[in-house]
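One structure below.
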Amino acid sequence: MAELAVLQVVQSEPEAEVIRGLLESEGIPSFVQQTSLGAGMTGGLPSAGGQHAILVDEQNLAAARRLLEEQSASS
């Protein structure tokens, strides 16, 4: 089983889901997880608020970073 790596930490779940959708559209599986800081902001309750991490398999990390860089450069 591949190890997961943090691709990026963003400020909200909706922002994380946009990035996850971009990755998925390019065939890169990813997961969104609320960070411990984000969970602390909501008293440990599930919420769209607070920081969220986008996780990918380590083997996909370089490709995922390139994709995000390309998106940033084109916007």
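The values are calculated or read from the model by the stated rules, or taken from the named source; none is laboratory data. Just so it is clear, the model here is predicted, and its values are computed rather than measured. Here the Cβ positions follow ideal geometry from the backbone for every residue, glycine too, while neighbour counts run over all protein chains shown.
Can E58 be described as among the charged types (D, E, K, R) and either modelled with pLDDT under 95 or touching a helix residue (DSSP H, G or I) at 6+ places or on another chain (Cβ under 8 Å) (or both)? Considered against the rule, which asks whether it is among the charged types (D, E, K, R) and either modelled with pLDDT under 95 or touching a helix residue (DSSP H, G or I) at 6+ places or on another chain (Cβ under 8 Å) (or both), E58 comes out as no.
Taking every residue in segment 6-25 that is of a type in the set (K, R) and pairing it with any residue that is part of a strand (DSSP E or B), at least 6 positions away or on another chain, the pairs with Cβ-Cβ distances below 8 Å are R20/S30; R20/F31; R20/V32; R20/I54.
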